Amino acid sequence: MRPSTPIPGRLPAVAIVGRPNVGKSTLMNRILGRREAIVAEQPGVTRDRKEMSASWQGREFTVVDTGGWLPPRAGGNASMDAKVSAQSERSMAEADVVVVVVDSQAGITGDDEGVAGRLRGRAGPVLVAVNKVDDESHGNLIWEFVGLGLGDPFPVSALHGRGVGDLLDAVMAALPEQEPPGRSGAEDNPGTGNDPGAGGSSPSVSVSIVGRPNAGKSTLFNRLIGDDRSVVHDQPGTTRDAIDTVVQTELGPIRFVDTAGMRRRARIDEAAEYYSLLRALSAVDRSDIALLVVDATVGVTHQDQRLAERIDAAGCPVVVLLNKWDRLDTEARGAIAFDIDRRLHFLGEAPVLRISALSGKGLGRLLPELRGVIAEYRRRVPTQAVNRVLRDAQAAHPAPDGARVLYATQGATDPPTFTLFANRTLPRTYLRYLEHRIRDAFDLGSVPVKLRVRRR
Ligand code: GDP
Ligand code: GDP
């Protein structure tokens, strides 16, 4: 789900919900890095709605405890339930992201289903944290929770901190975007341009390096950053920390997303493949471009295909890197071209580079390819052309009640954002129609498009 527009002057809010005793308070403490909420063996002890501020990846947000909210049900303590519910309903409605916590050891209960049912209709993002996954052997317990219908679950152990970093990465990716000063829409949202990382220079392009364990991601990353091993800081309270690395290049600053694991040799175990997929997806959500590293000595596997499909579905442009090319003989080199056609055909025009991360061979072409992809993502559409498309769209299908877009301009890029000046409020459905017309007219493909409406 795409992040929404930020509300000026307010920290984004993350609500933690779930039935009693699944570990919400423990998770909050873990996120806050201190013991603030009450943890008790007795179900339902944390009653008050609590809001506390926390930060991750340098971004501040509030965490809201919803006090064990449950949908009303027969036989409950009516007055107590009603009081807690009203408060919690409001917290949930106001939250930018909702994290629903469930207990891996208990499986899906009726109350979990009630909570999930209530959240499935929500407009904003909802993440499922499967708690009490205390070690690797519990990893397979999480699949049951796909059945809640709220997307891929995140395995965590609130008690030990395991997986909480990955969960927070995903929460950050789902929060409304911050707008760096001067980049876009300053006239629309005064006072929200407070991205601490922007520092007035050109905004960095975010790039994630993803692929199967052992494909050569760390080797590639270390080669790309050279000797510049800056910005290492550990976030206390989590086992796995997300650290981005910003590197100056001739294209301007490039932010490599979630590079913590690439600084040391990653451990490889049975769950590694699974965790690396989850982690890759959350990294992709935070990036403008994904580099998909494929181990060419193994070929394009089903897992590579699955990852590529997800990157594609997220609307993230991708560059495919066939790594370890140095180890292939002529026959193998021919075979892999066939693999690409068969398994990655849906990526269409995505650049494919043959490289050796170990020797650096073939990497000279990477920056020029990135430049091309970035240009597309940052495309600017001439004002005249936007207005022509909107005029035609409105002629074919006028908005109800005499509402009309008078004039439009592309206020920002990455992603392309258009400001529409209208004589009155436009219905949502009509905006979606206009969005489609703009997308089609300018070949914006799967790049997300934003529309802002201002009354004139
Ligand atoms: P809440 O009612 O949902 O807020 O749950 P609490 O945070 O009070 O936790 C309920 C119980 O589950 C407590 O006994 C916690 O110690 C325990 N607990 C919480 N997280 C974990 C975890 O990751 N692993 C295990 N084994 N127990 C946990
Ligand atoms: P990661 O798990 O994706 O981060 O993979 P690593 O970067 O740790 O690489 C896994 C193994 O492949 C290591 O032994 C690397 O030395 C090796 N490797 C990485 N890139 C290349 C390459 O281009 N050629 C060869 N021959 N080996 C490579």
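Note on the range 24-37: among residues that are modelled with pLDDT of 75 or more and open to solvent by 10 Å² or more (accessible area, probe 1.4 Å), the one that is farthest from residue 107 (Cα to Cα) is 32. Starting from residues that are open to solvent by less than 30 Å² (accessible area, probe 1.4 Å) and part of a loop (DSSP other than H, G, I, E, B), keep the ones in the range 334-361 and report whichever is nearest to ligand 1 (Cβ to nearest atom). Result: 357. Of all residues in the range 204-215, those satisfying the criterion of being near ligand 2 (Cβ under 6 Å from one of its atoms) and open to solvent by 10 Å² or more (accessible area, probe 1.4 Å) are 213, 214.
Just to be sure, is residue 107 more than 20 Å from residue 161 (Cα to Cα), more than 16 Å from ligand 1 (Cβ to nearest atom) and not charged (D, E, K, R)? Outline the logic, then answer.
Values: more than 20 Å from residue 161 (Cα to Cα): yes; more than 16 Å from ligand 1 (Cβ to nearest atom): no; not charged (D, E, K, R): yes.
When the stated conditions are applied, residue 107 does not pass them.
Checking 174, 158, 129 one by one, the residue that is of a type outside the set (S, T, N, Q) and at pLDDT below 90 is 174 and no other. Within the range 103-134, the only residue that satisfies the criterion of being within 13 Å of residue 154 (Cβ to Cβ), more than 21 Å from the chain's Cα centre (by Cα) and either of a type in the set (A, V, I, L, M) or within 16 Å of ligand 2 (Cβ to nearest atom) (or both) is 133.
Answer yes if at least one residue in the range 403-410 is closer than 20 Å to residue 287 by Cα, open to solvent by less than 70 Å² (accessible area, probe 1.4 Å) and out of contact with any strand residue (DSSP E or B) (no Cβ under 6 Å at 6 or more places or on another chain), and no otherwise.
If we filter the range 403-410 for residues that are closer than 20 Å to residue 287 by Cα, which is where we start, we get none.
No, the range 403-410 contains no residue that is closer than 20 Å to residue 287 by Cα, open to solvent by less than 70 Å² (accessible area, probe 1.4 Å) and out of contact with any strand residue (DSSP E or B) (no Cβ under 6 Å at 6 or more places or on another chain).
Looking for something at pLDDT 85 or above, in a loop (DSSP other than H, G, I, E, B) and in contact with a strand residue (DSSP E or B) (Cβ under 8 Å, 6 or more places away or on another chain) - is there at least one such residue anywhere in the range 134-149? Yes, there is a match, as at least one residue in the range 134-149 is at pLDDT 85 or above, in a loop (DSSP other than H, G, I, E, B) and in contact with a strand residue (DSSP E or B) (Cβ under 8 Å, 6 or more places away or on another chain). Somewhere in the range 280-301, is a residue buried (at least 18 other Cβ atoms within 10 Å of the Cβ), within 14 Å of ligand 2 (Cβ to nearest atom) and modelled with pLDDT under 85? Scanning the range 280-301, I find at least one residue that is buried (at least 18 other Cβ atoms within 10 Å of the Cβ), within 14 Å of ligand 2 (Cβ to nearest atom) and modelled with pLDDT under 85, so the answer is yes. Here residue 220 meets each of (1) outside any helix (DSSP H, G or I); (2) at pLDDT 70 or above with one exception, condition (1).
The values are calculated or read from the model by the stated rules, or taken from the named source; none is laboratory data. Nothing here was measured: the structure is a model prediction, and the numbers come from that model. Note that we place each Cβ from the backbone using ideal geometry, even for glycine, and neighbour counts take in every protein chain shown. Calculation scope for accessible area: heavy atoms of the full protein, side chains included, ligands and nucleic acids excluded. Shrake-Rupley method; radii C 1.70, N 1.55, O 1.52, S 1.80 Å.
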